[in-house]
Each structure stands twice: as structure tokens, then as C-alpha cells.
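Trainee: Below is a structure I'd like to ask you about.
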Amino acid sequence: MKALEVKNLSISFNRYQKGLKKKDLKVISNLNISLYEGQILAIAGSSGSGKSLLAHAILGILPKNAKVEGTMLWYGEPLTLSLQKKLRGKELALVPQSITYLDPIKRVGKQISEDQSKVTAVLKRYDLSEKIKRLYPFELSGGMARRVLLATAVAGNAKVIIADEPTPGLSKELAETAMSHFRELADQGAAVLLITHDLDLALRYADRIAVFYAGTTVEIAKASDFEREELLRHPYSRALWNAMPQNNFKSTPGVQPYAGSIESGCVFAPRCNLKTLECTQTTPPMRILRDGEVCCYHAT
Amino acid sequence: MRGLNRRTSAAITAIVILAIIIAIYLGGSLLPDSALKADFSQKALKPSVDHIFGTDYLGRDMFVRTIKGLSLSLTVGAIASCISALIALVIGTTAALGKGLIDHAINWFIDVFMSVPHTVLLILIAMVLDRGATGVLIGIALTHWCQLARIVRAEVLQVRSQQFVLASRKFGKSPFWIAKEHIFPHVIPQFFVGLILMFPHAIMHESGLTFLGFGLPPEQPAIGIILSEAMSYISSGAWWLAFFPGLSLVILVLLIDKLGSTVRYLLEPREAQM
Amino acid sequence: MLLEVKNIKFSHDGKTPLIKGISFCIEAGERVALVGPSGCGKSTLAQIIAGYIKPHGGKILFDGAPLPDRGYCPIQLIYQHPEKAINPRWRLGKTLREAWDPDESLLKDLGIEKAWLDRYPSELSGGELQRFCIARALAPQTRLIIADEISTMLDVITQAQVWEVLLKVTQERGIGIIAITHSEDLAKRVCTRVINFEDLNNR
């Protein structure tokens, strides 16, 4: 069951350049993803590449100077601002990066949920003592904070959970525990969108991986496709595979461009050794290939 | 201001205000003293087309007197602020760069200094220095550095603890080089804004001191003198003698304050990108 | 013996000890991985070795002598977050040349484009900034590099690019590396030896 669909999403910001001029800076361009119930979709890309903005766009909490184009569908219905407001915190939940997202002067218990019985249930589930309810956010340790953020999302019986970089700063054990909680939630029927820069972690826990490059998704593959290079479709995904230390640890020359800096054609074309004239002139559309999706004219 | 983004309109505001201030200053210094000649035929006239601010009891045009007075206030205020700002810069930087003991000592000194009502201190200094322009100037310079010193100290301390400054030392750079290339450029914007915002204080104090008789001598057409003279004529109904000079002073002070906050908005690197 | 860490002790608040007496040695040209769970004190130890923090006990000997207080420090520390290690008010060209004047071939290897030198840090991404930090730390006087999770925030390809260059340059010049990382695969690829922080700390 398709819970959330994002089609051709583009996000740009109106910012000041040097001096007095304002310019539109594109951060995400023509992004396509679909979230299915019971599955974890991970978006993997480097830190600061704009992936968090996707989470904010879905929730409807982008800053005022952001311009959004494209469509988002919630169980087939258009996800309008009012629908976002209705679902936020309940069926559509965010597990944010840090506790700065919590109100620092409100006690934790009140912030997890208004309904105190739900709070008790959810604290028990994540092995947190009742005493947590009376604490303030700044009094929580790293691991506790993670679980509290998770509890906040779960207490609302969310159908779609967006986890924005849930593991930086956590020890290996805590990161694995956090991820296993998401797995549990997915297994119970929620659709989970995992935004992370840790490809290893994503590969271990997600069902599908959306490969993020230059502000767009170039491939959506099953996590198991990353076991062998041939199973991957897009040249960039293969380059990623080659660069992983456990594979060949081999780099591909060039630098990832900014979203929108490639005027026409495929965003990976400048670095691709398969490129042809067609690649530089028109952007390849997303097509279904071997149980996955890819934006490439040459993928087989 | 449709079609202009906030930064552009802020820049325009700043330039306009600066132009007004410069115009006042130049007007006051360039107007010949002959414009201040007493003319008893024009005694105590209400505001009119010929004399937009009216005339005083010696027949002098109030507009000319006001402009000259504001110009004088600007001069005294500017010089006093600059000296005070320099004192603040030295003390603030010393506190931030010195070892813990020096920092503690300076903080203690600033606390003590700030606990004394500065108007009283100002009057005392002015009297000791025998009043006049020098007295006022030094008095203001010596009493207004505290807040800016604290700001400078905070900025220097903040930069000093940044990783890129600590790393600089490991690249072999001398403390002097680090102060010049890393710390100074970081402090300057806030320092500059603090300096501009000191002007209104300095000007108001100069006028206040002069009004009370502890400042500039009566021969100088300072706003304070104008206002203190005007006080004695208020009961005779010559309201314009106090109204226009007083209003002009307030407007000037507000304009400079607005300039200071606009410059701060333009220089802040962490402002919202709206 | 390039680096001798002798019985280093440290505590943040003076009461609870964080580092309880760690000792180890590194030879020139060795590449050692320092692994351990998050928050155990690896980064603190890295800062002590590089001379940013004074230990409460023990000493660090480099080439048999304590680290110099002034002048270029032969032990260079590269941090996880390049934005904090770069002055936001300087153009990047100035930041790059703060320590030394890197040659064209190094910049090319690291993927630093000429156009970036005129820009400000806020205009570039973390991955691009990290390349500058690495170039800056590779002055001729550098003898040991401590890489504190330098590629954790980078994407896999940038990580491979950056380590390729680091390994090439350090091998050419006989520079030692202490790599702090939580990725076992990366440690195996990059390092000749693995030190477990907790084993050393809980003797």
C-alpha cells in the first residue's frame, strides 16, 4: 500500500548573495520517491546536501523563503498545507536529528503526548523509566534523548515516520538499537523514510535505498542490490559501490555539483564515462528497471 | 519601497540618514557667524516663511541657531565617542587576552565604575576640568566606555576559543598575527556599531551638561544653551524658542540611533536569509 | 620512535577520570587506527597529543622531546567538522595558505577547484571544505596527522578520494597517521595497526 508519494519535487530558497542581490538557490530538483507501508526507504547522500529539507517539505515546515514545486500524495490524495497540519504529529511524524526540536522549557512527559496513558505505554516499550516524564530535554543523555524522540513519534500512532539523521553521535550499539526500533515500527505496518549519510547503516536496515545526487534521486534500488555491482543500475550507484571500503575503496574523479547547477541533461553526465550527446541535452526520466527505478538512458 | 529587498532598503536608509547628518554638520560649520547677528527689529517673531523656526529675543534666526547648535553637538559627540570607543577597545581586548587575573581585575573595575551614577561623575569631571568644551569632551569620553568594553571583551573571548583560531597557533602563527588577522576583523563590525550607538548618548549628555551650566560656554550656540535660555522665556509664550531646538535634537538622536541599528543589521553575518 | 604517549591522564571536571593512564608508541610512517565507542575520550586524547589540551598526568614525546609551544607543530589534527576549523570571514584561498603554500598537483589530487579559492566557506559544502582542511594540514613540516573522523560526514566517494590522497602523500613523505574512526572497514583499508582505546584505558 503506497502511503506517501513525492513526484518531481523541487525546492529552492530565495537568499542574499554577496551584497544586496537576492537569488534563487535550488537545493532539491525533480525528486521522486514512494513510501510503502511496512517498508523502510533510506535516502543516502552526504551531510548537508539538502536531504533534511525533503523531510521538512513533506511535513510542511519549510521556512518562508522556500519555494516548492511538484506534487506530494498521501494515500493517493494531494498533500495540501491543511492536510499536513492535520496529520503532523499524529499520522505523519518526524523523528528529528536532535532534542533542539523539543521545547526546552516543557517537561518531557508532556511533550511525548497529551494522553498520559499513551506516554506510559510508549516509555515502557522503549525501556525508559517513568521518572523521565518529569525531566526537561536538556537533562537527557544521548541515548535517552534518541528514545524520547522516537517515543514522541510513536505515541501518535504514526502511519508514516520520517527519521532525519537519527544516528550521528551515537555509539555503535545505540545506533543499532535505534535502527532496530525503526525496523520494528516498519514491521508493524508503518512506512519509514530514513534520511542518513551513513550508507552502511542504511544498507543493513532499509528495504530500499534511494540514491541521492545533486539534489535529485538517480536510482531507487533494493538494499540487497548493493551486494554486487552488477545488480545496481545507475553509474553513480556503481561508483558508490566501488568507493566503499569493504568493496574496492576506489574513487571516481570529480565533485558532486549543486542542485540546479547542471542546466540541462543528466546531473551525473559530467563525471560519467557512458555519456552520450543525449545525456547532456535532456534529463532522463525515471523508469522502472529490474524491480527498481533509475534515471539513466544507458542503464541495463 | 516595493520591489526592493530588505537589505537594499536598509542600505538606502543608512545612506539617507548619513547624508542628513553630514548636511547638518556642514550646514552648521559653513553658515557664517553673520547669520547669527542680533537684529532687534526682528525680535521674538513667531515661526514664519522668513524665519521657519522663528527668532529669539535678540532677533537671531532660530533655524540658524539650531543648525549651528546641532553641528556643535555632533562635533563634540563624535570626538567624545571616538575617544571613549578607543578606551573601550583597549580595555576590552586587554581583559579578553590577558591571563585570568587581569580579566578578573578589569571586570571588577568595570563593575565598580558602572555602579557610580555616570551623570554625577560626568559633572564632577567637567567641573574639575573647568568646564568648557574640553571638560565636556573628556567627561563624556571617560564615562561611556563600559558597555562597549564589555561587548568587545565578549567578542574577543568568543573568537579566541574557536577551533580555527586555536589551529592557527599550531600552524606557527604568532599571537600578534592571530590578533590582527583573526580577532580584529571579527570584533570590528560590533565595535563599529557600538561606536555609532554611542553618539546619541554623547550628544544628549553634552546638551544636558550645557543646559545645566556645566558644559559649553554661553557664547557657543550649543543646543543646551539655546534650551536653557528658552526656559526663561517660556512663561511669556515664546514656545518656539524651546520647541524647535528640542525637537531637532531628539530627531537627530533618533536618526543616529536608527543608523546604528541599520548598520548592525547590514553587518550581521548570521542574519536570516529572508 | 616518532611518538610516545606516556601514561596520559585526564579528567574534564577534575573528579571523574576520563583518561586513566594511556600509553602507546607510533613509528614514522605507521598508520594506526584508534577505535572505541562514542564519548570514551578518543577525541580528547587526540587533542592532547596534538597539543591543544594539557593532560593532568603523563607526557607526550615527539622524536624524544616534548611538543614545541610555538612555531609550526609537526603533529596536525584534522577535525570532523571542517566548518568549525575555518574562519568564516576569510576567503578560502587565504585559509588554504595560512599554514603553507600547497602546490597545484596536491590541490588537483584533492579535487580543489580554482574557482573555490575566491569563495567564502558558507558557499561550499562540508565535503569541499574538508578538502581544504586536509590540504592545509599537509605542510612539509608535518610529521604526524591525527584524522579525527574526518570522513564520517562525507559521502563514500569523497571519502575514498580524500583517503587516496592522504595515503599517497603520507607514504611519499613518511608521515604517520592516527585515524580515529568507527568504521572497521575503513580502518582495515587505511591502517597497518589497530589500537583499541578501551583496552588501553581500562588496564
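The values are calculated or read from the model by the stated rules, or taken from the named source; none is laboratory data. Owing to the predicted nature of the structure, the values given are computational and were not obtained by experimental measurement. All Cβ positions, glycine included, derive from the backbone under ideal geometry; neighbour counts span all protein chains shown.
Trainee: Quick one: which residue in C:THR16, C:THR44 is free of Cβ contacts under 8 Å to residues at least 60 places away in the same chain, under 25 Å from C:ALA85 (Cα atoms) and either surrounded by fewer than 21 Cβ atoms within 10 Å (Cβ to Cβ) or touching a Cys at 6+ places or on another chain (Cβ under 6 Å) (or both)?
Mentor: Criteria check complete, one pass: C:THR44.
Trainee: I'd like to check something: does the stretch B:58-66 contain any residue that is more than 16 Å from the chain's Cα centre (by Cα), in a loop (DSSP other than H, G, I, E, B) and touching a residue at least 40 places away in the same chain (Cβ under 8 Å)?
Mentor: No, because not a single residue in the stretch B:58-66 is more than 16 Å from the chain's Cα centre (by Cα), in a loop (DSSP other than H, G, I, E, B) and touching a residue at least 40 places away in the same chain (Cβ under 8 Å).
Residue by residue, here is whether (1) within 11 Å of another protein chain (Cβ to nearest Cβ); (2) farther than 22 Å from C:LEU154 by Cα holds:
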residue: A:THR167; (1), (2): yes, no
residue: A:SER180; (1), (2): no, yes
residue: A:LEU185; (1), (2): no, yes
residue: A:ALA190; (1), (2): no, yes
residue: A:LEU194; (1), (2): no, no
residue: A:ARG204; (1), (2): no, no
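Trainee: Another question, if that's okay. Could you tell me how many of the residues in the stretch C:75-102 are crowded, with 22+ Cβ neighbours inside 10 Å, part of a loop (DSSP other than H, G, I, E, B) and more than 8 Å from every other protein chain (Cβ to nearest Cβ)?
Mentor: 0
Trainee: Which residues, counting only those in the stretch C:165-202, are hydrophobic (A, V, I, L, M, F, W, C), away from chain A (no Cβ under 14 Å) and over 27 Å from C:PRO17 (Cα atoms)?
Mentor: Once the filter is applied, which keeps residues that are hydrophobic (A, V, I, L, M, F, W, C), away from chain A (no Cβ under 14 Å) and over 27 Å from C:PRO17 (Cα atoms), the stretch C:165-202 yields C:VAL169, C:ILE175.
Trainee: Would you mind stating whether B:ILE67 is surrounded by 15 or more Cβ atoms within 10 Å (Cβ to Cβ) and more than 20 Å from B:PRO221 (Cα to Cα)? So that I can check it myself, show each step before the final result.
Mentor: Values: surrounded by 15 or more Cβ atoms within 10 Å (Cβ to Cβ): yes; more than 20 Å from B:PRO221 (Cα to Cα): no.
Criteria not met by B:ILE67.
Trainee: Can you tell me which residues in the stretch C:103-116 are assigned to a loop (DSSP other than H, G, I, E, B) and at negative phi?
Mentor: Selection gives C:ASP103, C:LEU110, C:ILE112, C:GLU113.
Trainee: Another question about this same structure. From the list C:ILE60, C:ILE26, which one is touching a helix residue (DSSP H, G or I) at 6+ places or on another chain (Cβ under 6 Å), β-branched (Val, Ile, Thr), within 17 Å of C:ILE195 (Cβ to Cβ) and modelled with pLDDT of 85 or more?
Mentor: Working: C:ILE26 fails: touching a helix residue (DSSP H, G or I) at 6+ places or on another chain (Cβ under 6 Å).
None of the others qualify; the one that does is C:ILE60.
Trainee: Now for a different question. What pairs can you find where one residue is in the stretch B:117-144 and charged (D, E, K, R), the other is modelled with pLDDT of 85 or more, and their Cβ atoms are less than 9 Å apart, with a gap of 6+ or different chains?
Mentor: Taking only residues 6 or more apart or on different chains, the pairs are B:ARG131/B:LEU209.
Trainee: Say whether the condition of being over 30 Å from B:GLY194 (Cβ atoms), at pLDDT below 85 and surrounded by fewer than 17 Cβ atoms within 10 Å (Cβ to Cβ) is met by at least one residue in the stretch B:7-20.
Mentor: Scanning the stretch B:7-20 turns up no residue that is over 30 Å from B:GLY194 (Cβ atoms), at pLDDT below 85 and surrounded by fewer than 17 Cβ atoms within 10 Å (Cβ to Cβ).
Trainee: Can you pull out the residues in the stretch C:25-41 that are part of a strand (DSSP E or B) and surrounded by 16 or more Cβ atoms within 10 Å (Cβ to Cβ)?
Mentor: Matches in the stretch C:25-41: C:ILE26, C:ARG31, C:VAL32, C:ALA33, C:LEU34, C:VAL35.
Trainee: Hey, among C:ILE75, C:ILE134, C:ILE146, C:ILE112, which residue is touching a helix residue (DSSP H, G or I) at 6+ places or on another chain (Cβ under 7 Å), β-branched (Val, Ile, Thr) and farther than 24 Å from C:GLU30 by Cα?
Mentor: Numbers: C:ILE75 fails: farther than 24 Å from C:GLU30 by Cα; C:ILE134 fails: farther than 24 Å from C:GLU30 by Cα; C:ILE146 fails: farther than 24 Å from C:GLU30 by Cα.
Of the residues listed, the single one that is touching a helix residue (DSSP H, G or I) at 6+ places or on another chain (Cβ under 7 Å), β-branched (Val, Ile, Thr) and farther than 24 Å from C:GLU30 by Cα is C:ILE112.
Trainee: Please go through the stretch B:223-248 and pick out each residue that is modelled with pLDDT under 90, of a type in the set (A, V, I, L, M) and part of a helix (DSSP H, G or I).
Mentor: Result: B:ILE223, B:ILE225, B:ILE226, B:LEU227, B:ALA230, B:MET231, B:ILE234, B:LEU241, B:ALA242.
Trainee: Select from the stretch A:129-163 the residues that are basic (Lys, Arg) and under 11 Å from A:GLN111 (Cα atoms) and write down the one among them that is surrounded by the fewest Cβ atoms within 10 Å (Cβ to Cβ).
Mentor: The selected residue is A:ARG134.
Trainee: Which ranges mark the strands (runs of 3 or more DSSP E) fully within the stretch A:1-107 that have 3 or more residues being under 19 Å from C:SER125 (Cβ atoms) and in contact with a strand residue (DSSP E or B) (Cβ under 6 Å, 6 or more places away or on another chain)? Give the steps one after another, and end with the answer.
Mentor: Values: elements: A:2-16, A:22-36, A:40-44, A:66-74, A:92-95.
In the stretch A:1-107, A:2-16, A:22-36 are the strands (runs of 3 or more DSSP E) which contain 3 or more residues that are under 19 Å from C:SER125 (Cβ atoms) and in contact with a strand residue (DSSP E or B) (Cβ under 6 Å, 6 or more places away or on another chain).
Trainee: Considering only residues that are within 14 Å of chain C (Cβ to nearest Cβ) and either in a loop (DSSP other than H, G, I, E, B) or of a type in the set (D, E, K, R) (or both), which ones fall in the stretch B:126-174?
Mentor: Our first condition is that a residue be within 14 Å of chain C (Cβ to nearest Cβ); within the stretch B:126-174, this holds for B:155, B:158-174.
Scanning the stretch B:126-174 gives B:GLU155, B:ARG160, B:SER161, B:GLN162, B:ARG169, B:LYS170, B:GLY172, B:LYS173, B:SER174.
Trainee: Considering only residues that are touching a residue at least 60 places away in the same chain (Cβ under 8 Å) and within 12 Å of another protein chain (Cβ to nearest Cβ), which ones fall in the stretch C:50-72?
Mentor: Within the stretch C:50-72, C:ALA50, C:TYR72 meet the criteria.
Okay, residues lined up against (1) modelled with pLDDT under 85; (2) within 11 Å of chain C (Cβ to nearest Cβ):
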| site | (1), (2) |
| --- | --- |
| A:HIS234 | no, no |
| A:ASN242 | no, yes |
| A:GLN246 | no, yes |
| A:ILE262 | yes, no |
| A:ASN273 | yes, no |
| A:GLU293 | no, no |
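Trainee: Please work out which residue is nearest to the other protein chains (Cβ to nearest Cβ), limiting yourself to the stretch B:241-260 and to residues that are small (Gly, Ala, Ser) and free of Cβ contacts under 8 Å to residues at least 40 places away in the same chain. Step through it out loud before you land on a result.
Mentor: Applying the first criterion (small (Gly, Ala, Ser)) to the stretch B:241-260 yields B:242, B:246, B:248, B:260.
From what's left, free of Cβ contacts under 8 Å to residues at least 40 places away in the same chain: B:242, B:246.
On the way: B:ALA242: 42, B:GLY246: 37 Å.
Among them, the one singled out is B:GLY246.
Trainee: Against the conditions (1) crowded, with 19+ Cβ neighbours inside 10 Å; (2) farther than 30 Å from C:THR95 by Cβ, where does B:MET114 fall short? Just the number, please.
Mentor: (1)
Trainee: Identify the single condition in (1) at pLDDT 90 or above; (2) within 14 Å of chain A (Cβ to nearest Cβ); (3) surrounded by fewer than 22 Cβ atoms within 10 Å (Cβ to Cβ); (4) touching a Gly at 6+ places or on another chain (Cβ under 9 Å) that C:VAL162 does not satisfy, given that it satisfies every other one.
Mentor: Only one criterion is unmet by C:VAL162, namely (3).
Trainee: Another one. Here are some residues: C:LEU144, C:LEU124, C:LEU106. Which one is more than 19 Å from C:LEU45 (Cβ to Cβ) and either within 14 Å of chain A (Cβ to nearest Cβ) or touching a Gly at 6+ places or on another chain (Cβ under 8 Å) (or both)?
Mentor: C:LEU124
Trainee: Can you confirm whether the stretch B:255-262 contains a residue that is touching an Asp or Glu at 6+ places or on another chain (Cβ under 8 Å) and either modelled with pLDDT of 85 or more or of a type outside the set (Val, Ile, Thr) (or both)? Walk me through how you get there before you give the answer.
Mentor: Of the stretch B:255-262, the ones touching an Asp or Glu at 6+ places or on another chain (Cβ under 8 Å) are none.
Looking through the stretch B:255-262, none of the residues is touching an Asp or Glu at 6+ places or on another chain (Cβ under 8 Å) and either modelled with pLDDT of 85 or more or of a type outside the set (Val, Ile, Thr) (or both).
Trainee: Continuing with this model, one more query. In the stretch A:209-237, which residues are surrounded by fewer than 22 Cβ atoms within 10 Å (Cβ to Cβ) and assigned to a strand (DSSP E or B)?
Mentor: Within the stretch A:209-237, just A:LYS222 meets the criteria.
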